[in-house]
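See below for the structure under consideration.
The values are calculated or read from the model by the stated rules, or taken from the named source; none is laboratory data. This is a predicted model, so every value here is computed, not measured. In this analysis, Cβ positions are derived from the backbone assuming ideal geometry, glycine residues included, and neighbour counts consider all displayed protein chains.
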Amino acid sequence: MDVETSQSDRSSTSVAAFHVGNEPADRSDAPIELAPDVWWVGRRLPDDRFQCHAYYLRNGNNGVLIDPGSPLTIETTLAKVARIDDLSAIRYLVCHHCDPDIAAALPMLSERLSRPDIQVVTEWRAMALLRHYGHRFDYYLVEEQNWRLPLEGDRALEFQLTPYLHFPGAMVSYDTASRILFSSDLFGGFVPNAADLICRDLDVLIASAKPFHQHYMPSTELLSAGLTRVQHRWPQIAMIAPQHGHVVPGPLVEKAFNRLKVLECGIFALADADIDLRRLLRIAEARSRLFQVLLSQAAPTQMLVTIKLVLQRIRGVRDCVLSIELPDQGWTSWSGTPPEPRLEGPPLNWEQVVLSTLPPARLSLLMDDKIPVDEDVLRMLKDITPSLQAWIDGVVEEHQDHQRMLELKHLATTDPLTALSNRRALESDQPSGAYALLSFDIDHFKRINDSFGHAAGDQVLKKVAAVMTKAVREGDAVYRLGGEEFLVVLPKIDPAMALGIGERIRHQVKALDLQGLAPDGGVTISAGLFVSDPDQPLPFDAALAMADGALYLSKQQGRDRLTVA
């Protein structure tokens, strides 16, 4: 079906008319209308599973071309836009990130599009790389514009940062008029048939998305957190238009989000490349320890000892302290006198030499009060401070790397919904000796999702997790193993106390007021308890199976009860 525009010779193929099936890739040169004023204008490359999509939003004299493409596709894209609008109507070029499949056409567009006020719409980290394509366009930085590009009338293109998916400054965009999410690499996939633009089979969609995300997304936790952030920002998404793979129609949107959130990807799925989770976390932990040695002893202390030895050859200097203001930690100081104390900041009433202003760093000198301060010594120290800047920057950079690795470890071992430790954390936290395991499962949890929706189910999970966290002792550990399954690990505990904690959790969950969130305004949980015998220890997997078996008996016997293995 042709869609008439302001000029009668322009036409496009509508979504309704676009048959999803085994059609040849060159079926039509027409753009495909996804919604009023929104078109797919990409080019299907023959025998290429890595199809890249461009989209066009008609917006009066300020049209928006989303993820323009590369030299392989841009001529076809411009020809399709020309069937919708005059090319002179293109005002904005949205680049969700800076990869060449999105932006390598910018130099060609600089020559083809003569309009002087065209802007590349992107985020500052992408801009730092986009400029290297050598185009002539100015930038519209979304973070400086409240993450929003106003369009005609009440319409707007809104943006959401999706960090590290797969670029540090990657983002997605949302058309408030059509409610289409332009998801960039999220929901992207390798497609076996380039003609299948719209996919109405969830299994086919996930099958194409799985290898793409396994190779390009850094972790399941980051992917899940990014997708959740997008859903919270725009709860009513009518269609997902990714830069690769298949367009996701409305009926599959929520299901696609849920399936993608739990997809094992990135560093957690590339075991065949020897980049599995355990190995990465061991590396992160080793790096953290090495960093502590470097920060507290090796680099700063050696530097300070050297400075002190030099200064002590000059009369009047009794001691010195190096202080650097580290991001998110504040002032950290090292003394030149072993054993090395950690101080809160530069010592008061000591002679101060500013080594750096960004980041702030000072060398504090304790002078002999019987000898006047040697101004030449202070001047000499100030003269050498520029040479110390790179070293100070290195100390700060190492600190920031350490913080990022800690954040990565936290994301990898924490359930993003409940903030409890997850199954991966349990793999490295397995108890030994005298301990007990309480395995829990929320009864009839599916009824909650079916009756009140997944958002209500998420709220119930949070409330149950909060009850468990408050009910256990200091030193006990609570895990969410997946879905509505929880595990409590109780180290150094006798059977009677473990049974008491399990019953306390069961009764407190039953007493929760869940009006509007669950049928009958509340939920119950079933539990299984296993207490280890230190004299005849079982492997942890076997102990966990015993607790799960007791939980299964609780389910069989009517639920809302605790069974001891």
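A few notes on this one:
- Pairs with Cβ under 6 Å, 6+ apart, first in the stretch 451-464 and farther than 9 Å from THR418 by Cβ, second loosely packed, with under 14 Cβ neighbours inside 10 Å: SER451/PRO519
- Of residues in the stretch 175-217 being charged (D, E, K, R) and closer than 30 Å to GLU152 by Cα, the one surrounded by the most Cβ atoms within 10 Å (Cβ to Cβ): ASP175
- Residue count for the stretch 98-127 satisfying the condition of being in contact with a Pro (Cβ under 9 Å, 6 or more places away or on another chain) and in a loop (DSSP other than H, G, I, E, B): 2.
- Selection of first residues in the stretch 397-411 that are outside the structural domain of GLN329 (by TED's automatic domain parsing) and within 15 Å of GLY330 (Cα to Cα) and of second residues that are charged (D, E, K, R) and surrounded by fewer than 18 Cβ atoms within 10 Å (Cβ to Cβ), restricted to Cβ pairs under 6 Å at least 6 apart or on distinct chains, gives an empty result.
- Candidate set from the stretch 55-89 (those that are of a type in the set (A, V, I, L, M, F, W, C), touching a Gly at 6+ places or on another chain (Cβ under 9 Å) and touching a residue at least 60 places away in the same chain (Cβ under 8 Å)); member that is surrounded by the most Cβ atoms within 10 Å (Cβ to Cβ): LEU57
- Among residues of the stretch 357-367, those that are surrounded by fewer than 19 Cβ atoms within 10 Å (Cβ to Cβ), assigned to a strand (DSSP E or B) and under 42 Å from the mean Cα position of the chain (by Cα), counted: 2
- The stretch 473-500: number of residues that are over 17 Å from ASN422 (Cα atoms) and under 35 Å from the mean Cα position of the chain (by Cα): 3
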